[in-house]
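Engineer: What follows is a single structure, and I will ask about it in a moment.
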There are 2 protein chains.
Amino acid sequence: MKIDPQNRADLSAQIAQAIRDAIVSGDLIVDERLPSEAELADQFEVSRPTVREALKRLAAQSLIRTQRGATGGAFVNRLSFEDAYSQQITTSTLLLSMNAVSFDTACEARFALERACAALAAQRRTADQLATMRAEIHRQAQPGLTDEAFCASDVNFHRALVDGAGNPVLSYQLAGAVEAMQPLMNMITFTARSREEIITLHNRIADALEKRDGSEVDATLVELENYTRKLARDVAQKWRKPA
Amino acid sequence: MKIDPQNRADLSAQIAQAIRDAIVSGDLIVDERLPSEAELADQFEVSRPTVREALKRLAAQSLIRTQRGATGGAFVNRLSFEDAYSQQITTSTLLLSMNAVSFDTACEARFALERACAALAAQRRTADQLATMRAEIHRQAQPGLTDEAFCASDVNFHRALVDGAGNPVLSYQLAGAVEAMQPLMNMITFTARSREEIITLHNRIADALEKRDGSEVDATLVELENYTRKLARDVAQKWRKPA
DNA sequence: AGATTTTATTTGTCTGACATTTAAAAGTCT
DNA sequence: AGACTTTTAAATGTCAGACAAATAAAATCT
């Protein structure tokens, strides 16, 4: 953790970067305690508030956690899969909403990634995951469900599918892709007919997973992708020439 | 952007969350200027340093940018794909290094995701992307290349493949998976023989992409995955019983 | 009118202080 | 001596006020 150059611009950002580098490079290991804020301020020759701003930056990325009290301080945080999940979801959601990513592009990416899990999920899915999927299908079939609730259940269904691959790295990567799509999906009004169609496909996916038939899962996902994109096209058309 | 409850714990985190919510929900739109720090301090009834810590948290996630001067202030940032890339790479790298993710798990995830791009890349790859891949293969064949340089070139090759799918969302998602693997890959010492084998497979991938043969790309990626995992197993064995 | 200077605003940083939390050390009682 | 209580010290969390630096708009001058 070295000194900064005499470039007195954005001190807190420089300090944050220095500490971040130390963590990424392994100079600071998990659960290791950083020097106290006062000590860091001395080392970097800045004031305590500046150090604090740097630490808050790192805390925002879940790189450190802080604890008050006598034995307190800032500790290198073990980045959990949950933390990584939620960060990824925020980032992906904002990326989609701020960059005018077309529904088609997002949808294509989502299903491409999901199909990557299909074969693995067919091999490894647990009875528990299958039960989750069945339960979500059941919920989706209930009348009076709002579009938002339907989409939320859809997300749960697909997350169970992804988790079925039994690979936490895959699950983490895909959580963002699947959940970030939800705001876009919420813009689609699902008619009773389209819900029925989607539920049919979900059932086919669940059945195929039960039989451990990977290629059937894959084929059904392709159908689901095509149907979803068709629904989105219809919505777009309705907006172009409203009644 | 509402007030916080009387819960006077972690004020800066609460304020950051409130602003974050306002951005995600669309209450604050891209390039909109936030109130000045002094005004925010008034609104939330806290001091300016506390507001600043909150803003630094958001800046760390590239959610806002700040500008000094008369018309300066904090502005809602358009999250660029580049920003999202780099965040994802940091997160993924730390996740892998801190959670004792096995090489096999990471490798499986990486190739599963990459195979998700294969068919699309075969359809859409540009001549430019193909040229990049050929150039990287050429570099990989040069003698005297360090293992690190070989791996770096490998990353470039695969990024070109992923970019070939022509879907920025996919590219962004996979950048993390591919680049985060590099530290793990760097631990493998590539013999001349193994480099040769990998280059052969890379050539086959490039040839298949040139012919726009998606299933050939996919099949070769499977071979590459199996070979990579075999190399890793050999390394592990060497470590178990060293000469 | 155009160029220059002034001014006001805003972020970046510093100093110093107090509050709160927490665990360990010191003290007290049985 | 051992268990419980109190004190104390260290650390983060927060606050207040101040000055520096950057920047653009307004005012002034040529």
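Engineer: Mind checking B:78-85 for the average number of partner chain beta-carbons within 10 Å of each residue's beta-carbon? Don't skip to the end; give the middle numbers.
Structural biologist: Numbers: counts 4, 10, 3, 3, 0, 3, 8, 2.
Average neighbour count from other chains, rounded to a whole number: 4.
Engineer: Next question, about the same structure. If you scale each eigenvalue of the Cα gyration tensor by 5 and take the root, what three semi-axes come out for region B:1-157, rounded to whole angstrom and sorted largest first? Kindly include the intermediate steps, with their values, before the conclusion.
Structural biologist: Details: eigenvalues 381, 73, 49 Å².
In descending order the semi-axes read 44, 19, 16 Å.
Engineer: Could you order the peptides B:137-146, A:214-223, A:70-79 from most to least packed, using the average number of other C-beta atoms within 10 Å per residue?
Structural biologist: Numbers: B:137-146: 13.1, A:214-223: 17.8, A:70-79: 16.1.
With the highest mean Cβ count within 10 Å placed first, the list reads A:214-223, A:70-79, B:137-146.
Engineer: Per residue, what accessible area does the protein assembly as shown have, given a 1.4 Å probe and all protein chains present, in Å²?
Structural biologist: Details: 22640 Å² over 486 residues.
On a per-residue basis, 47 Å².
Engineer: Of the peptides B:83-96, A:51-64, how do they stack up when ordered by the mean number of other Cβ atoms within 10 Å, highest first?
Structural biologist: Working: B:83-96: 21.5, A:51-64: 23.6.
Packing order, densest peptide first, comes out as A:51-64, B:83-96.
Engineer: Also, quick follow-up: Which distances, shortest first and in nm, link A:Gly69 to the matching position in the other copies, using label points set 7 Å out along Cα to C-beta?
Structural biologist: The answer, with the shortest distance listed first, is 4.9 nm.
Engineer: So what's the angle, to the nearest 10 degrees on a 0 to 90 scale, between helix B:81-98 and the longest Cα principal axis of chain B?
Structural biologist: In chain B, helix B:81-98 runs at an angle near 70 degrees to the longest axis.
Engineer: Can you give the translational diffusion coefficient of region B:105-145 in µm²/s, computed by Stokes-Einstein from the Kirkwood radius over Cα pairs at 37 °C and 0.692 mPa s?
Structural biologist: Values: Rh = 12.1 Å.
Here the translational diffusion coefficient equals 272 µm²/s.
Engineer: Please give the total accessible area that chains B and A bury against each other, computed with a 1.4 Å probe and expressed in Å² to the nearest 100.
Structural biologist: Summing both chains' loss of accessible area gives about 4100 Å².
Engineer: Rg(Cα) of the protein assembly as shown divided by 2.2 N^0.38 Å?
Structural biologist: The reported ratio for this selection is 1.05.
Engineer: Can you list the equivalent-ellipsoid semi-axes of region B:81-240, largest first and in whole Å, using the square root of 5 times each Cα gyration tensor eigenvalue?
Structural biologist: Values: eigenvalues 104, 78, 41 Å².
Over the Cα atoms of region B:81-240, the semi-axes work out to 23, 20, 14 Å.
Engineer: In nm, to one decimal, how far is the A:Gln17 label point from the B:Thr189 one, both placed 7 Å along Cα→Cβ?
Structural biologist: Placing both labels 7 Å beyond Cα along the Cβ direction yields 3.5 nm.
Engineer: So, in nm, how far is label B:Asp10 from label A:His138 when the simple model puts each one 7 Å beyond its Cα toward the Cβ?
Structural biologist: The modelled label-to-label distance comes out at 3.5 nm.
Engineer: When the Karplus curve 6.51 cos²θ - 1.76 cosθ + 1.60 is applied with θ = phi - 60°, which whole-Hz ³J(HN,Hα) does each residue of region A:20-27 get, with x for Gly and Pro?
Structural biologist: Whole-Hz 3J(HN,Hα) from phi for region A:20-27: 4, 4, 4, 6, 4, 6, x, 5.
Engineer: Which residues of region B:150-173 end up with at least 20 Å² less accessible area in the presence of all protein chains than when their chain stands alone, using a 1.4 Å probe?
Structural biologist: B:Asn167, B:Val169, B:Leu170, B:Tyr172, B:Gln173
Engineer: Stokes-Einstein at 20 °C, 1.002 mPa s, Kirkwood radius from Cα pairs: D for region A:11-76 in µm² s⁻¹? Please list the in-between numbers first.
Structural biologist: Working: Rh = 11.7 Å.
In µm²/s, the coefficient is 184.
Engineer: Measuring nothing but label to label, 7 Å from Cα along Cα→Cβ, what are B:Ala192's distances to the other copies in nm, shortest first?
Structural biologist: 7.5
Engineer: Got a sec? What order do A:Ser97, A:Ser171 fall in by accessible area at 1.4 Å, biggest, i.e. largest, first?
Structural biologist: Values: A:Ser97 85, A:Ser171 10 Å².
Putting A:Ser97, A:Ser171 in descending order of accessible area: A:Ser97, A:Ser171.
Engineer: Given a 1.4 Å probe and every protein chain left where it sits, what share in percent of the accessible area of region A:11-76 is carbon and sulfur?
Structural biologist: Numbers: 1440 of 3160 Å².
Carbon and sulfur: 46 percent of the exposed surface of region A:11-76.
Engineer: Another question, then. Hey, for A:Arg212 with labels 7 Å out along Cα-Cβ, what do the inter-copy distances come to in nm, ordered shortest first?
Structural biologist: 3.9
Engineer: Compute the length gained on full extension between A:Asp31 and A:Leu145: take 0.36 nm times their separation in residues and subtract their Cα-Cα distance, giving the result in nm to one decimal.
Structural biologist: Values: separation 114, 0.36 × 114 = 41.04 nm, distance 4.55 nm.
Between A:Asp31 and A:Leu145, full extension yields an extra 36.5 nm.
Engineer: What is the total of Lys pairs in the protein assembly as shown with C-alpha atoms under 23 Å apart, excluding same-chain pairs fewer than 8 positions apart?
Structural biologist: Total qualifying Lys-Lys pairs in the protein assembly as shown comes to 9.
Engineer: Oh, and also: How high is the FRET efficiency between A:Asp207 and B:Lys230 when r is their beta carbon distance and R₀ equals 41 Å, given to the nearest 0.05?
Structural biologist: Numbers: r = 35 Å, r/R0 = 0.86.
Efficiency, rounded to the nearest 0.05: 0.70.
Engineer: Over chain A, what is the mean sequence separation of C-alpha contacts under 8 Å (at least six apart), divided by residue count, expressed as relative contact order in percent? Show your work: numbers first, answer last.
Structural biologist: Working: 266 pairs, mean separation 47.0, N = 243.
In percent, rounded to a whole number, it is 19.
Engineer: Excluding B:Glu32 itself, what net charge comes from residues whose Cβ is under 15 Å from its Cβ, given Lys and Arg +1 and Asp and Glu -1?
Structural biologist: Numbers: positive: B:Arg20, B:Arg33, B:Arg65, B:Arg78; negative: B:Asp21, B:Asp27, B:Asp31, B:Glu39.
Around B:Glu32, the surrounding residues sum to 0.
Engineer: What number do you get for region B:171-215 when its Cα radius of gyration is normalised by 2.2 N^0.38 Å, N = residues?
Structural biologist: Working: Rg = 13.5 Å, N = 45, 2.2 N^0.38 = 9.3 Å.
Computed over Cα atoms of region B:171-215, the ratio equals 1.44.
The values are calculated or read from the model by the stated rules, or taken from the named source; none is laboratory data. Just so it is clear, the model here is predicted, and its values are computed rather than measured. Heads up, the Cβs are rebuilt from the backbone with ideal geometry, glycines too, and the neighbour counts pull from every protein chain shown. Heavy atoms of the whole protein, side chains included, go into the accessibility calculation; ligands, DNA and RNA do not. Shrake-Rupley method; radii C 1.70, N 1.55, O 1.52, S 1.80 Å.
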